[in-house]
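The values are calculated or read from the model by the stated rules, or taken from the named source; none is laboratory data. Here the structure is a predicted model, which is why all the values come from computation and not from measurement. All Cβ positions, even for glycine, are placed from backbone atoms using ideal geometry, and neighbour counts span all protein chains on display. Side chains included, ligands, DNA and RNA excluded: accessible areas come from the protein's heavy atoms. Shrake-Rupley method; radii C 1.70, N 1.55, O 1.52, S 1.80 Å.
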Amino acid sequence: MAATLQGKRIAFLATDGVEEVEYVQPREAVEQAGATAELVSIKPDQIRAFDHLDPSKTYDVDVSVSDADPDRYDALVLPGGVANPDFLRADPEAVRFVRSFFDAGKPVGVICHGPWTLVEADVVRGRRLTSWPSLRTDLTNAGATWVDEQVVTDNGLVSSRKPDDLPAFCAKIVEEFAEGRR
């Protein structure tokens with residue numbers, strides 16, 4: 001039986017510079033599994049996605065991170081893109097929002113450059129995860145065990161390296177999000 005996310009609310013934390021496919025495909029996956037997805041951002045109104053280094057579509061923001069209540073969400077997804085997580089990790093409200101999911105034992109999915117925000121939130125120490133290869137040193141220095149695998153799960157934290165990994169990443173976040181809190 002396929003995992004179901006009926007009745008679950010999933011936060012997608014992103015801002016300008018998000019890698020479009022890393023936002024769109026996971027959102028479609030959780031919505032197809034029955035979840036309600038909301039775009040949470042450090043910007044009001046809209047964010048600009050990118051297709052690698054090329055500007056792409058804009059997406060409407062559902063709620064500002066400063067107004068977002070982490071208790072309303074069952075899980076969190078952090079898409080990548082180079083600029084997106086760099087902006088997020090510099091925003092104290094975004095970092096607080098991310099940390100709250102780990103404090104509550106809620107599942108989190110992160111892909112590509114997304115783990116930069118996890119490093120800033122100080123939630124990778126002792127965890128095994130993957131990312132875009134250039135983050136290896138950052139994650140290792142923050143106390144994580146970095147591995148080069150398509151998808152890695154560590155106690156509710158699902159991580160993947162790049163857009164090519166999205167099919168495996170999407171399947172695994174749906175599965176982990178269905179299992180719920182750890």
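A few comments on the model shown:
- Test: residue in segment 44-60 that is assigned to a loop (DSSP other than H, G, I, E, B) and open to solvent by less than 30 Å² (accessible area, probe 1.4 Å): no
- Count of segment 11-43 residues which are outside any loop (DSSP other than H, G, I, E, B), among the aliphatic types (A, V, I, L, M) and either under 17 Å from L88 (Cβ atoms) or open to solvent by 70 Å² or more (accessible area, probe 1.4 Å) (or both): 5
- Output for segment 80-100, where each listed residue is touching a Pro at 6+ places or on another chain (Cβ under 7 Å) and touching a residue at least 40 places away in the same chain (Cβ under 8 Å): F97
- Under the condition of being open to solvent by less than 10 Å² (accessible area, probe 1.4 Å), farther than 21 Å from R72 by Cα and in a strand (DSSP E or B), the residues counted in segment 92-135 number 2.
One line per residue, one yes/no per condition, for (1) farther than 18 Å from P85 by Cα; (2) of a type outside the set (A, V, I, L, M, F, W, C); (3) in contact with a Phe, Trp or Tyr (Cβ under 9 Å, 6 or more places away or on another chain):
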| position | (1), (2), (3) |
| --- | --- |
| W132 | no, no, no |
| A142 | no, no, no |
| Q150 | yes, yes, yes |
| I173 | yes, no, no |
| A178 | yes, no, no |
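- Enumeration of residues in segment 44-74 that are modelled with pLDDT under 95 and either under 21 Å from G109 (Cβ atoms) or in contact with a strand residue (DSSP E or B) (Cβ under 9 Å, 6 or more places away or on another chain) (or both): P44, H52, P55
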